[in-house]
There are 2 protein chains.
Amino acid sequence: MGKLLIVGTVAFDAIETPFGKTDKILGGAATFIGLAASHFNLDAAIISVVGEDFPQDYLDLLKDRDIDISGIEIVPGGKTFFWSGKYGNDLNTRETLATEPNVLIDFKPVVPDNFKDADVVMLGNLHPDIQLSVIEQMEERPKLIVLDTMNFWMNTTLPELMKVIEKVDVITINDEEARQLTNEYSLVRAAAAIHEMGPKYVVIKKGEHGALLFHKERIFFAPALPLEEVFDPTGAGDTFAGGFVGHITESGNISFNNLRNAVIHGSNLASFCVERFGTERMLNLDRKEVGQRLQEFVELTQFDIEIE
Amino acid sequence: MGKLLIVGTVAFDAIETPFGKTDKILGGAATFIGLAASHFNLDAAIISVVGEDFPQDYLDLLKDRDIDISGIEIVPGGKTFFWSGKYGNDLNTRETLATEPNVLIDFKPVVPDNFKDADVVMLGNLHPDIQLSVIEQMEERPKLIVLDTMNFWMNTTLPELMKVIEKVDVITINDEEARQLTNEYSLVRAAAAIHEMGPKYVVIKKGEHGALLFHKERIFFAPALPLEEVFDPTGAGDTFAGGFVGHITESGNISFNNLRNAVIHGSNLASFCVERFGTERMLNLDRKEVGQRLQEFVELTQFDIEIE
């Protein structure tokens, strides 16, 4: 069975949308990635850090899904990373109300021995030095290293980020961030510029407008599923990444054609994530629903045209 | 051979983009629709009006493509409709610099006798009373009536527009206009609300983010082709509509599955339109290029996933 190693935050989120607000609930990039990946047949481990205030119940949720959490450090007396945000009426804009890094500040990731030979490494959004440290601890070069990052690291730690970018096979990034990183407005040109920085594959996420996968001259596009209602976008990008690496790890196939399927799997799981607050929908999602909605993606995108 | 009747403007445009600006050049909804439709095997006619200032060369361009222009009235001493606009740096916003309706003001469309039995009627963006008049002149109910409109008519002539909407089979409209017309933010809900107004099929155009086709509970999505550079978006929506009705008229098939293909044909032709100013690219486009780019749409969207 393929091994997937995930590094990222395991955290508390407090979310406000036009539909309601939450107290501190389970969140964090690695949490969403792990929950999405747990829908595939693979061995997954999470590397992260939490404080003593983090409920055992939340850790058990991950463990119950057969995720190896031996790499989640619990800092005695420490406080867990906390993020709070408020979405605008169209859910396309959000305001950060609070970011408390807490135990993240001194976090030194340690890759568990049994995952130093992982097939796929997913570097969730975090300080690039932490991401780099995980790569350097691997005993052999993984088949595929996937990086997620955001504009915050471009603004504050660009040289460190560039060092990670040159070492990875795939980067997932949103459209505005791709433009910021490359100074190219056209996403086709932005992807070409990012290829030059290192990654063979570039995934540009456009939220409700879908995701593009670039590889040399080839492009694949996966739409987001049109939904009657998006309830809470928190974690959608991480869930996408989790579905993406989950499918790749399960299949063991890193061809462009299989990465197309991985993008569809990512979009599919993300379409569930946004239906409820936080991780709620991902925790109540069965195999049949996942398969039915994949069929909706087929119907949404497939056509049969005669080309002369 | 199927007959396609087009009503819409034939006009002068003056366009400014970050890449340059034009003098008065050939423009107008019916022009773009007709040029796109001329790539299909069909009989097309345009109903419109121009002034005495309109060059015979421009009319000949349409005639050379076997478009019946007997329904284009030339008003002696009249001035042709003129539109001028300036696009912002990202080409997603545009400012109208001038709109001179001129001969459009008293335009009374007359359907040529030999097109009163057209299979498909394309109502290009115009005053809804003109669109309605064309429907009423048809001797028999066309197989398919397609309506394009815009927010201007919603703001100024909503009751008249609603009368047209209830009589058509398909409406093409952009995302913001769909939201305005229905007061629904979700495009899925907006489409459902528009179904209630009359149209069996709703096409929501999202510009660079593609187009959605809705029919009852079914949805199809066609992306826009990711381009290195968009040069001038003018006419892209009309070109999309022309490819859409062109394929339907040629095939004579109004099933949902064939309308999927029609949306792809529309997106394909629109991807050429934006590569040059105005109609320039559409006038220099051969069958081979069209076929090659259709193949790019296949590669962009098709995948082969195993669903359990």
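Please list, in order along the stretch B:121-136, the HN-Hα scalar couplings obtained from phi with the Karplus expression 6.51 cos²θ - 1.76 cosθ + 1.60 (θ = phi - 60°), rounded to whole Hz, x for Gly and Pro.
10, 10, 8, x, 4, 6, 4, x, 5, 5, 4, 5, 4, 5, 4, 5
Please list the non-local residues whose amide H lies under 5 Å from the amide H of B:ASN174, H modeled 1.01 Å from N, same-chain partners needing a gap of 5 or more.
It is B:LYS205, by chain and number.
In Å, what is the Rg of the alpha-carbon atoms in the stretch B:49-134, and how long is Dmax?
Here Rg and the maximum Cα pair distance are 15.3, 46 Å.
State, in angstrom, two size descriptors of the stretch A:1-148 derived from its alpha carbons: Rg to one decimal place and Dmax to the nearest whole number.
Using the Cα atoms of the stretch A:1-148, the pair Rg, Dmax is 15.5, 47 Å.
Quick one: putting +1 on the C-beta of Lys and Arg, -1 on the C-beta of Asp and Glu, what dipole do you get for the stretch A:3-301 around its Cα centre, in Debye to the nearest 20?
Details: 27 positive and 45 negative charges, 144 e Å.
In total the dipole reaches around 700 debye.
From the P(r) of chain B, could you give the percentage of C-alpha pairs in the tail past 38 Å? Each step should come with its number before you reach the end.
Details: 3150 of 47278 pairs.
Value for chain B (Cα pairs over 38 Å): 7 percent.
With the contact rule set at Cα under 8 Å and sequence spacing of 6 or more, what percent relative contact order holds for the stretch A:3-301?
On the way: 652 pairs, mean separation 52.3, N = 299.
After rounding, I find 17 percent.
What is the distance in Å between the Cα centroid of the stretch A:32-90 and that of the stretch A:251-308?
With the stretch A:32-90 and the stretch A:251-308 each reduced to a Cα centre, they are spaced 23 Å.
If amide H atoms are built 1.01 Å from N in the plane of the peptide, which residues on other chains or at least 5 residues away come under 5 Å of the amide H of B:GLY71?
Those qualifying (amide H under 5 Å, at least 5 residues apart or on another chain) are B:ILE46.
Put a dot 7 Å past each Cα toward the Cβ at B:GLU217 and B:GLN180; how far apart are the dots in nm?
According to this spin-label approximation, the distance is 3.3 nm.
Please state, to two decimals, what the Cα-based radius of gyration of the protein assembly as shown comes to when divided by 2.2 N^0.38 Å (N = residues). Don't jump to the answer; show the numbers that get you there.
Working: Rg = 26.7 Å, N = 616, 2.2 N^0.38 = 25.3 Å.
In units of the globular-protein estimate, the protein assembly as shown measures up at 1.06.
How far is B:LYS24 from itself in the other copies, in nm, if each label sits 7 Å out from Cα along the Cα-Cβ line, shortest first?
7.0
List every residue whose amide H lies under 5 Å from the amide H of A:ILE25, counting only residues 5 or more places away in sequence or on a different chain, with H placed 1.01 Å from N in the peptide plane.
For A:ILE25, the qualifying residues are A:ASP13, A:ALA14.
What trypsin sites (Lys or Arg not before Pro) in the stretch A:212-308 are in a loop by DSSP, with at most 11 other Cβ atoms within 10 Å of the Cβ? The partial results should precede the final answer.
Values: sites: A:LYS216, A:ARG218, A:ARG260, A:ARG276, A:ARG281, A:ARG287, A:LYS288, A:ARG293; in loops: A:LYS216, A:ARG276.
Within the stretch A:212-308, the qualifying trypsin sites (Lys or Arg not before Pro) (loop, at most 11 other Cβ atoms within 10 Å) are A:LYS216.
List the distances, in nm to one decimal, from the label point of B:GLN137 to the label points of the same position in every other copy, shortest first, placing each label point 7 Å from Cα along the Cα-to-Cβ direction.
Nearest first, the other copies' label points are 7.6 nm away.
I need A:LEU35, B:LEU59, B:LEU158, B:LEU4 ordered by Cβ neighbour count within 10 Å, fewest first. Show your work: numbers first, answer last.
Numbers: A:LEU35 27, B:LEU59 18, B:LEU158 13, B:LEU4 32.
By the 10 Å Cβ count, ascending: B:LEU158, B:LEU59, A:LEU35, B:LEU4.
Given 4 °C and 1.567 mPa s, how large is the Stokes-Einstein diffusion coefficient of the stretch A:73-222 in µm²/s, with Rh as the Kirkwood radius over Cα pairs? Spell out each step's value before the answer.
Details: Rh = 16.9 Å.
Roughly 77 µm²/s, to the nearest whole number.
Averaged across the residues of A:219-232, what count of C-beta atoms belonging to other chains lies within 10 Å of each residue's C-beta? Intermediate values should be presented prior to the final figure.
Details: counts 7, 6, 11, 5, 9, 2, 3, 10, 4, 6, 4, 2, 0, 0.
Partner-chain Cβ atoms within 10 Å, mean over residues of A:219-232: 5.
Arrange the following residues from fewest to most other Cβ atoms within 10 Å of their Cβ: A:THR279, B:THR99, A:THR93.
On the way: A:THR279 24, B:THR99 13, A:THR93 9.
If I rank by nearby Cβ atoms, fewest first, I get A:THR93, B:THR99, A:THR279.
Ignore the peptide's own chain and count Cβ atoms of other chains within 10 Å of each Cβ in A:184-191; give me the average, rounded. Could you put the intermediate results ahead of the total?
On the way: counts 1, 6, 6, 4, 5, 4, 0, 1.
The per-residue average across the peptide is 3.
Too long at a 23 Å Cα-Cα cut-off: which of A:LYS3/A:LYS206; A:LYS3/A:LYS200; B:LYS205/B:LYS288?
Working: A:LYS3/A:LYS206 28 Å; A:LYS3/A:LYS200 21 Å; B:LYS205/B:LYS288 26 Å.
In this structure, A:LYS3/A:LYS206; B:LYS205/B:LYS288 lie more than 23 Å apart at Cα.
In which sequence would B:THR234, B:THR156, A:THR182 go, from the one with the fewest C-beta neighbours within 10 Å to the one with the most? Could you put the intermediate results ahead of the total?
Working: B:THR234 24, B:THR156 11, A:THR182 19.
Result, fewest neighbours first: B:THR156, A:THR182, B:THR234.
Which of B:ASN253, B:ASN89, B:ASN261 moves the most in a Gaussian network model of chain B with Cα springs under 10 Å?
Maximum among the listed residues: B:ASN89.
List residues of the stretch B:199-234, by number, whose backbone nitrogen lies under 13 Å from a label position 7 Å along Cα→C-beta of A:ASN92.
Within reach of a label on A:ASN92, which here means backbone N under 13 Å from a point 7 Å along Cα→Cβ, the stretch B:199-234 contributes B:206-210.
Which ³J(HN,Hα) values in Hz, rounded to whole numbers, follow from the phi angles of the stretch B:48-58 under the Karplus curve 6.51 cos²θ - 1.76 cosθ + 1.60, where θ = phi - 60° and Gly and Pro get x?
6, 8, 9, x, 5, 6, 7, x, 4, 3, 5
Could you please report the charge total around B:LYS163, scoring K, R as +1 and D, E as -1 over all other residues with beta-carbon less than 11 angstrom from its beta-carbon? Mind showing how you got there, number by number?
Numbers: positive: B:LYS167; negative: B:ASP129, B:GLU136, B:GLU160, B:GLU166.
Combined, the nearby Lys, Arg, Asp and Glu give -3.
Once you average over the residues of B:293-302, how many Cβ atoms of partner chains fall within 10 Å of each Cβ?
Partner-chain Cβ atoms within 10 Å, mean over residues of B:293-302: 5.
Can you compute 3J(HN,Hα) from phi for each residue in the stretch A:88-105, using the Karplus curve 6.51 cos²θ - 1.76 cosθ + 1.60 with θ = phi - 60°, rounded to whole Hz and x for Gly and Pro?
x, 4, 8, 6, 8, 10, 9, 10, 7, 8, 7, 9, 10, x, 6, 5, 5, 4
Label-to-label distances across copies for A:PRO55, with labels 7 Å out along Cα→Cβ, in nm, shortest first?
Nearest to farthest, the other copies are at 7.3 nm.
Across 10 Å bins from the origin, how do the percents of Cα pairs in the stretch A:154-308 run, short distances first?
10, 38, 34, 16, 2, 0
Read-outs throughout are calculated quantities, based only on the coordinates presented, and are distinct from any laboratory measurement. Keep in mind that what you see is a predicted model, and the values were worked out from it rather than measured. Positions of Cβ are backbone-derived with ideal geometry, glycine not excepted, and every protein chain shown enters the neighbour counts.
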